[in-house]
Amino acid sequence: MDSVRIDKYLWAIRLYKTRSDATDACNGNKVHINSATAKPSKAVKIGDVIQIHKGPATLSYKVLQLSENRMGAQLVPEYAEDLTPESERAKFHAPKETIVLHRDRGTGRPTKKDRRELDALRDLLDM
């Protein structure tokens with residue numbers, strides 16, 4: 001086997017829970033092979049460097065061996081070397097800002113207008 005589809009490989013080394021999740025990530029331009037955007041059918045070879053944008057961080061892996069079959073978590077280091085720097089991994093554990101809004105007790109649930117304003121505020125802070 002000289003090459004494997006990137007979506008199968010990402011699923012096999014347990015970076016995505018399902019193959020369709022891996023395909024969606026490829027279609028969403030979140031997967032790069034050697035700094036080039038990868039579509040789901042792109043072939044990955046031994047020695048390629050894969051970069052994946054997951055949430056706030058960019059994860060990097062080097063392909064050591066190829067596999068189309070999902071494997072146990074203990075075997076993954078034999079197939080992919082993790083090149084992700086600690087600074088990127090720390091982004092997963094960064095504290096998230098919390099929004100504390102004051103509402104008078106007993107005023108009930110927010111109205112539709114109040115909820116829209118809250119959602120707009122949360123969207124501004126997530127950017």
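So here's what we get for this one:
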quantity: Residue within region 54-69 that is acidic (Asp, Glu), touching a residue at least 40 places away in the same chain (Cβ under 8 Å), in contact with a Phe, Trp or Tyr (Cβ under 8 Å, 6 or more places away or on another chain) and farther than 23 Å from Ser87 by Cα present; calculated: yes
quantity: Any hit, region 92-103, residues being at pLDDT 90 or above and surrounded by 11 or more Cβ atoms within 10 Å (Cβ to Cβ); calculated: no
quantity: Cross-chain or 6+ apart pairs with Cβ under 6 Å, region 1-30 first and in contact (Cβ under 8 Å) with a residue 40 or more places away in the chain, then assigned to a loop (DSSP other than H, G, I, E, B) and surrounded by 15 or more Cβ atoms within 10 Å (Cβ to Cβ); calculated: Met1/Leu66; Val4/Leu66; Ile6/Ala38; Ile6/Lys42; Leu10/Tyr16; Ala12/Ser67
quantity: Every pair of residues 6+ apart whose Cβ atoms lie under 7 Å, when the first sits in region 31-43 and is touching a residue at least 12 places away in the same chain (Cβ under 8 Å) and within 14 Å of His53 (Cβ to Cβ) while the second is outside any loop (DSSP other than H, G, I, E, B) and of a type in the set (S, T, N, Q); calculated: His32/Gln51
quantity: Hey, Ser87 small (Gly, Ala, Ser) and touching a residue at least 24 places away in the same chain (Cβ under 8 Å) or not; calculated: no
quantity: Residue in region 101-113 that is touching a helix residue (DSSP H, G or I) at 6+ places or on another chain (Cβ under 8 Å) and not aromatic (Phe, Trp, Tyr) present; calculated: yes
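Rundown of residues vs (1) surrounded by 19 or more Cβ atoms within 10 Å (Cβ to Cβ); (2) over 30 Å from Asp126 (Cα atoms); (3) at pLDDT 95 or above; (4) not small (Gly, Ala, Ser), yes/no style:
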residue: Ala38; (1), (2), (3), (4): yes, no, no, no
residue: Ile50; (1), (2), (3), (4): yes, no, yes, yes
residue: Gly55; (1), (2), (3), (4): no, no, no, no
residue: Ala73; (1), (2), (3), (4): no, yes, no, no
residue: Thr84; (1), (2), (3), (4): no, no, no, yes
residue: Ser87; (1), (2), (3), (4): no, no, no, no
residue: Ala90; (1), (2), (3), (4): no, no, no, no
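The values are calculated or read from the model by the stated rules, or taken from the named source; none is laboratory data. These figures come from a predicted structure and were not determined experimentally. Cβ atoms come from the backbone with ideal geometry, glycine included; neighbour counts cover every protein chain shown.
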